[in-house]
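Here's the structure, in structure tokens; my notes come after.
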Amino acid sequence: MQDQLNIALIQSDLVWENPKQNRKNFSEKIKSIAKAVDVIVLPEMFSTGFTMNVEAVAETMDGKTVTWMQKKALKTGAAIVGSLIILEKDKYYNRLLFVEPSGVITVYDKRHTFTLAGEDKVYAAGNEKVIISYKDWKICPLVCYDLRFPVWARNIEDYDVLLYVANWPKSRIIAWDALLKARSIENMCYTIGLNRVGLDDAQNEYSGNSAVYDVLGNAITHIKPNREQVEIVVLERNHINYYRNKLKFLHDKDVFSLK
């Protein structure tokens with residue numbers, strides 16, 4: 001059993017609707033990671049930015065960006081995770097991909113499409129919560145707007161890590177900070193939130209505020225807002241086990257099912 005999980009967070013600007021340039025930029029940032037890590041986290045829609053212009057930039061599961069993720073995972077020995085615009089069976093999805101060095105891909109389709117931006121009119125919503133088992137760690141991957149819905153994230157599977165990739169605007173960043181911390185505390189897990197920086201084509205500003213919180217809600221990263229940055233954080237299994245066994249808050253959780 002692996003007692004530590006080394007996570008590289010890449011907080012980055014994105015080039016609007018330009019998968020080729022974004023792949024190039026992230027290749028350089030991945031190359032800059034100086035030590036071996038287990039997981040490399042990229043933002044939501046990392047190849048395009050948060051666009052509704054799906055017909056121009058959507059890819060398939062055998063497209064160039066998925067292939068790029070597989071090659072980078074194999075080369076680095078780390079799982080690569082981020083979301084893409086995927087066309088499948090005549091529907092578009094905001095799909096998170098967790099690509100392992102072996103080539104195995106686990107997918108999660110964003111459940112809560114962002115109605116304020118019209119995402120619900122363009123993208124099909126997912127309906128399956130996914131738990132990834134990787135190096136003896138259980139990871140629950142979610143996407144951006146999912147953060148506002150704690151019932152969907154509730155830790156009924158005894159997962160270790162809750163992972164959000166996002167394009168969360170600066171104008172509502174207070175909510176991002178508060179909800180990431182809350183998700184850690186209520187689920188007694190590590191919570192990772194990886195957000196982009198910069199401006200998109202509609203002049204929406206993104207400040208990043210990427211962070212990792214421990215079981216008690218303490219921030220354990222030092223990523224600066226409003227700048228591109230790569231940071232490595234180490235997750236400790238003993239931290240999870242100690243506080244879950246000591247406090248036992250998850251033993252008192254409500255039992256429910258989603259329909």
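For the stretch 235-252, give me the residue count where each residue is under 25 Å from the mean Cα position of the chain (by Cα) and not in a strand (DSSP E or B). Talk me through it step by step, then tell me what you get.
Taking the stretch 235-252 as the starting set, the residues that turn out to be under 25 Å from the mean Cα position of the chain (by Cα) are 235-241, 243-244, 250.
In the following step, the residues that additionally are not in a strand (DSSP E or B) were identified as 237-241, 243-244, 250.
Result for the stretch 235-252: 8.
Does the stretch 82-106 hold any residues that are buried (at least 16 other Cβ atoms within 10 Å of the Cβ), under 19 Å from Val57 (Cα atoms) and not basic (Lys, Arg), and which are they? Outline the logic, then answer.
Filtering the stretch 82-106 for residues buried (at least 16 other Cβ atoms within 10 Å of the Cβ) gives 82-87, 92-101, 105-106.
Now drop any that are not under 19 Å from Val57 (Cα atoms), which leaves 82-87, 92-97.
Listed by number, the residues that qualify are Gly82, Ser83, Leu84, Ile85, Ile86, Leu87, Tyr92, Tyr93, Asn94, Leu96, Leu97.
Going by what's in this entry, would Asp3 be described as modelled with pLDDT of 95 or more, of a type outside the set (Gly, Ala, Ser) and more than 15 Å from the chain's Cα centre (by Cα)? Walk me through it before giving the result.
On the way: modelled with pLDDT of 95 or more: yes; of a type outside the set (Gly, Ala, Ser): yes; more than 15 Å from the chain's Cα centre (by Cα): yes.
Answer is yes for this residue.
Yes or no: the stretch 148-162 includes at least one residue that is part of a loop (DSSP other than H, G, I, E, B), buried (at least 24 other Cβ atoms within 10 Å of the Cβ) and among the hydrophobic types (A, V, I, L, M, F, W, C).
no
Inspect all residues belonging to the stretch 184-204 and state whether any of them is buried (at least 18 other Cβ atoms within 10 Å of the Cβ), in contact with a helix residue (DSSP H, G or I) (Cβ under 6 Å, 6 or more places away or on another chain) and closer than 26 Å to Ser47 by Cα.
Checked the stretch 184-204: at least one residue is buried (at least 18 other Cβ atoms within 10 Å of the Cβ), in contact with a helix residue (DSSP H, G or I) (Cβ under 6 Å, 6 or more places away or on another chain) and closer than 26 Å to Ser47 by Cα.
To keep it simple, each residue is scored yes or no on (1) surrounded by fewer than 20 Cβ atoms within 10 Å (Cβ to Cβ); (2) more than 16 Å from the chain's Cα centre (by Cα).
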{"residue": "Leu9", "(1), (2)": "no, no"}
{"residue": "Leu14", "(1), (2)": "no, no"}
{"residue": "Asn22", "(1), (2)": "no, yes"}
{"residue": "Glu28", "(1), (2)": "yes, yes"}
{"residue": "Ile40", "(1), (2)": "no, no"}
{"residue": "Ser47", "(1), (2)": "no, no"}
{"residue": "Lys75", "(1), (2)": "yes, yes"}
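Can you tell me which residues in the stretch 88-145 are touching a residue at least 40 places away in the same chain (Cβ under 8 Å), under 25 Å from Arg237 (Cα atoms) and hydroxyl-bearing (Ser, Thr, Tyr)?
Listed by number, the list holds a single entry, Tyr134.
State the number of residues belonging to the stretch 49-72 that are small (Gly, Ala, Ser) and surrounded by 24 or more Cβ atoms within 10 Å (Cβ to Cβ). Full working, then the answer.
Quick first cut of the stretch 49-72, residues small (Gly, Ala, Ser) only: 49, 56, 58, 63.
Applying the additional criterion that residues be surrounded by 24 or more Cβ atoms within 10 Å (Cβ to Cβ) yields 49.
Of the residues in the stretch 49-72, 1 are small (Gly, Ala, Ser) and surrounded by 24 or more Cβ atoms within 10 Å (Cβ to Cβ).
Take Asp146 and decide whether it is in contact with a Gly (Cβ under 6 Å, 6 or more places away or on another chain) and not hydrophobic (A, V, I, L, M, F, W, C). Before the answer, list the steps.
Details: in contact with a Gly (Cβ under 6 Å, 6 or more places away or on another chain): no; not hydrophobic (A, V, I, L, M, F, W, C): yes.
In short, no.
Taking the stretch 207-246 only, how many residues are free of Cβ contacts under 8 Å to residues at least 60 places away in the same chain and either in contact with a Lys or Arg (Cβ under 6 Å, 6 or more places away or on another chain) or loosely packed, with under 13 Cβ neighbours inside 10 Å (or both)? Outline the logic, then answer.
Start the filter on the stretch 207-246 by keeping residues that are free of Cβ contacts under 8 Å to residues at least 60 places away in the same chain, which leaves 207, 209, 211, 213-220, 222, 224-226, 239, 241-246.
Right, trim to either in contact with a Lys or Arg (Cβ under 6 Å, 6 or more places away or on another chain) or loosely packed, with under 13 Cβ neighbours inside 10 Å (or both) and you get 207, 213, 216-218, 222, 242, 245-246.
Adding up the residues that qualify gives 9.
Being part of a strand (DSSP E or B) and more than 19 Å from the chain's Cα centre (by Cα) is the requirement here; does Leu87 meet it? Give the steps one after another, and end with the answer.
Values: part of a strand (DSSP E or B): yes; more than 19 Å from the chain's Cα centre (by Cα): yes.
Here the answer is yes, as Leu87 does meet what is asked.
Among the residues of the stretch 31-54, count how many are part of a helix (DSSP H, G or I) and over 21 Å from Val143 (Cβ atoms).
Of the residues in the stretch 31-54, the ones part of a helix (DSSP H, G or I) are 31, 54.
Keeping just the survivors that are over 21 Å from Val143 (Cβ atoms) gives 31.
Within the stretch 31-54, residues that are part of a helix (DSSP H, G or I) and over 21 Å from Val143 (Cβ atoms) number 1.
For (1) assigned to a helix (DSSP H, G or I); (2) within 25 Å of Gln70 (Cα to Cα); (3) small (Gly, Ala, Ser), each residue gets a yes or a no:
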{"site": "Gly103", "(1), (2), (3)": "no, yes, yes"}
{"site": "Thr106", "(1), (2), (3)": "no, yes, no"}
{"site": "His112", "(1), (2), (3)": "no, no, no"}
{"site": "Lys121", "(1), (2), (3)": "yes, no, no"}
{"site": "Gly126", "(1), (2), (3)": "no, yes, yes"}
{"site": "Val130", "(1), (2), (3)": "no, yes, no"}
{"site": "Cys140", "(1), (2), (3)": "no, yes, no"}
{"site": "Tyr145", "(1), (2), (3)": "yes, no, no"}
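Could you identify the single residue in Ile232, Ile223 that is in a strand (DSSP E or B) and not polar (S, T, N, Q)?
On the way: Ile223 fails: in a strand (DSSP E or B).
Exactly one residue qualifies, and that residue is Ile232.
In this structure, is Ser133 small (Gly, Ala, Ser), under 18 Å from Asp38 (Cα atoms) and either surrounded by fewer than 24 Cβ atoms within 10 Å (Cβ to Cβ) or over 18 Å from the mean Cα position of the chain (by Cα) (or both)? If you could, list the steps in order and put the result at the bottom.
Details: small (Gly, Ala, Ser): yes; under 18 Å from Asp38 (Cα atoms): yes; either surrounded by fewer than 24 Cβ atoms within 10 Å (Cβ to Cβ) or over 18 Å from the mean Cα position of the chain (by Cα) (or both): yes.
When the stated conditions are applied, Ser133 passes them.
The values are calculated or read from the model by the stated rules, or taken from the named source; none is laboratory data. Predicted model, so just to flag it, every value in this text is computed and none were measured. Don't worry about glycine lacking a Cβ; one is built from the backbone with ideal geometry, like all the others, and counts go over all protein chains shown.
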